[in-house]
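Chemist: Handing you a structure now.
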Amino acid sequence: MHGLTTLLLVFLAGQAEAFRICAFNAHRLTLAKVTKEQVKNTLVQIVARCDIMVLQEVVDTSNKTISFLLQELKRKFDSSRCYSFLNSSQLGRSTYKEKYVYIYRSDKTQVLNFYQYEDKDDLFAREPFVAQFTLPSKILSSVVLVPLHTTPKDVENELNALHAVFLDATRRWQSKDVILLGDFNADCGSLAKKRLSTLLLRTEEGFRWAIADGEDTTVRASTNCTYDRIVLHGEACRGLVRTALAFNFPQSFQLSEEEALDVSDHYPVEVELDQAPNSMQPPSLATLLLLSLLLPILAPHWSPVA
Ligand SMILES: *[C@@H]1O[C@H](CO)[C@@H](O)[C@H](O)[C@H]1NC(C)=O
Ligand SMILES: *[C@@H]1O[C@H](CO)[C@@H](O)[C@H](O)[C@H]1NC(C)=O
Ligand SMILES: *[C@@H]1O[C@H](CO)[C@@H](O)[C@H](O)[C@H]1NC(C)=O
């Protein structure tokens, strides 16, 4: 029986392992900011939750902010994890510029491809920096990530243009499994509810908005807006979604609002992908067989009709 219990635990542990993809508007992330002790500690914990983290608003003229963060992650996890990063160039229409930066677990995933979307008509303040990553899943071997941090002044146009970026990426890499994510500013004063429902990413079939309308992605108690979003496309990709949420880091790490705001005014948003299709599917034959074998042993007095 000992052997069987172990088998069951190993089996369940295998089932339980998910792959977490996150996006975080890290609010003007500079070297000066990330080297502050408390900011550093919080940021490292936030990034460490994710297999792939897409940071936005990295305002990094020194080019040292991300290497500092990686060094801290390496210090924390020593040799038990490997981290790498992929950054865009500095993007922006004025002298104010920011980068998109992917920080990812290179022991679990790899970058297959990436490109900077060519924004010929200047539709975006910060055009998406698109990347394709491998997934440790038998169902889906890779996924395309399309990050966007919109400017609050032009949310509707940028989000409609994002659909064109989606089409561009799917054509380029012949892949329908795409995750669009980031601080879309898709709520409150920046995008009326009525306009939200007319977006191409809402009216076209096949997109799943995993962070639901009404979910608060902002730190301030005085605001309640669903600015940050994760939108999934592709049957395989959508089928793997286990959970999606805005991570309330002030609550989890017991920070005051003021302490949290030193890190960001946004929550990270996160989606967990299963390695196998999610619980919408009936349990596999193997699971049922294993349970039917084990139940009488583990719970000899249990009977379904009692
Ligand atoms: C940071 O990198 C950019 C792009 O490669 C470069 O133009 C800039 O001079 C670098 N800044 C410093 C301080 O090295
Ligand atoms: C990433 O940043 C470095 C330095 O800031 C820069 O030299 C490099 O070109 C960037 N990568 C991309 C893909 O733009
Ligand atoms: C934010 O507003 C939604 C309704 O739009 C509500 O369901 C939710 O509980 C609110 N969240 C917070 C943290 O106040």
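Chemist: For the range 156-218, what size does the Cα cloud have along each of its three principal axes, sorted from largest down, in whole Å?
Modeler: Per principal axis, max minus min of the Cα coordinates gives 36, 19, 19 Å.
Chemist: Answer with one residue from Gln275, Thr198, Ser252: the one whose Cα lies farthest towards the positive end of the charge dipole of the chain, charges on Cβ with Lys, Arg +1 and Asp, Glu -1.
Modeler: Gln275
Chemist: What span do the alpha-carbon atoms of the chain cover on each of the three principal axes, reported in whole Å from largest to smallest?
Modeler: Cα spread of the chain along its principal axes, largest to smallest: 70, 45, 40 Å.
Chemist: Would you please name the trypsin sites (Lys or Arg not before Pro) within the range 187-241 that are DSSP coil residues with at most 13 other C-beta atoms within 10 Å of their C-beta?
Modeler: Passing both the DSSP loop test and the Cβ count: Arg220.
Chemist: Moving on. Please identify every one of the trypsin sites (Lys or Arg not before Pro) in the range 68-125 that sits in a loop by DSSP and has no more than 13 other beta carbons within 10 Å of its own beta carbon.
Modeler: Answer by residue number: Arg93, Lys120.
Chemist: Something else: Anyone know which of Tyr96, Tyr115, Tyr227 comes out most mobile in the 10 Å Cα GNM of the chain?
Modeler: Ranking Tyr96, Tyr115, Tyr227 by mean-square fluctuation puts Tyr96 first.
Chemist: Every cysteine in the chain with no other Cys Cβ under 4.7 Å from its Cβ, please list them in numeric order.
Modeler: So far as the 4.7 Å Cβ criterion goes, Cys82, Cys237 stand without a partner in the chain.
Chemist: A further question on this structure: Between Ala125 and residues 5 or more places away or on another chain, which pairs have amide H atoms under 5 Å apart, with H built 1.01 Å from N, and which residues are they?
Modeler: Result for Ala125 returns Thr151.
Chemist: Ok, one more. If the reach is capped at under 29 angstrom between alpha carbons, list the lysines near Lys74, excluding any in the same chain fewer than eight residues apart.
Modeler: Lys33, Lys36, Lys40, Lys64, Lys97, Lys99, Lys108, Lys138
Chemist: Given a Förster distance of 35 Å, report the FRET efficiency between Leu167 and Ser106 from their Cβ-Cβ distance, rounded to the nearest 0.05.
Modeler: Efficiency at R0 = 35 Å is approximately 0.75.
Chemist: How much of the calculated P(r) for the range 165-265 lies past 17 Å, in percent of all Cα pairs?
Modeler: Here the tail beyond 17 Å accounts for 58 percent of pairs.
Chemist: Okay, moving on. Please name which of His233, Thr109, Asn87 has its Cα lying farthest along the dipole of the chain towards the positive end, using unit charges on Cβ (Lys, Arg +1; Asp, Glu -1) and the Cα centre as origin.
Modeler: The residue sitting farthest along the positive end of the dipole is Thr109.
Chemist: Distance in nm between label sites at Thr198 and Ser252, each 7 Å beyond Cα in the beta-carbon direction?
Modeler: Each label point lies 7 Å from its Cα, and together they span 3.7 nm.
Chemist: Does the range 50-175 come out rounded, prolate or oblate by the C-alpha gyration tensor, with a ≥ b ≥ c the root eigenvalues, rounded set by a/c under 1.5 and, if not, prolate when a/b is larger than b/c and oblate if not?
Modeler: oblate
Read-outs throughout are calculated quantities, based only on the coordinates presented, and are distinct from any laboratory measurement. Note that the coordinates shown come from a computational prediction; the quantities given were computed from them, not determined experimentally. So basically every Cβ, Gly included, is an ideal-geometry build from the backbone, and we count neighbours across all protein chains shown.
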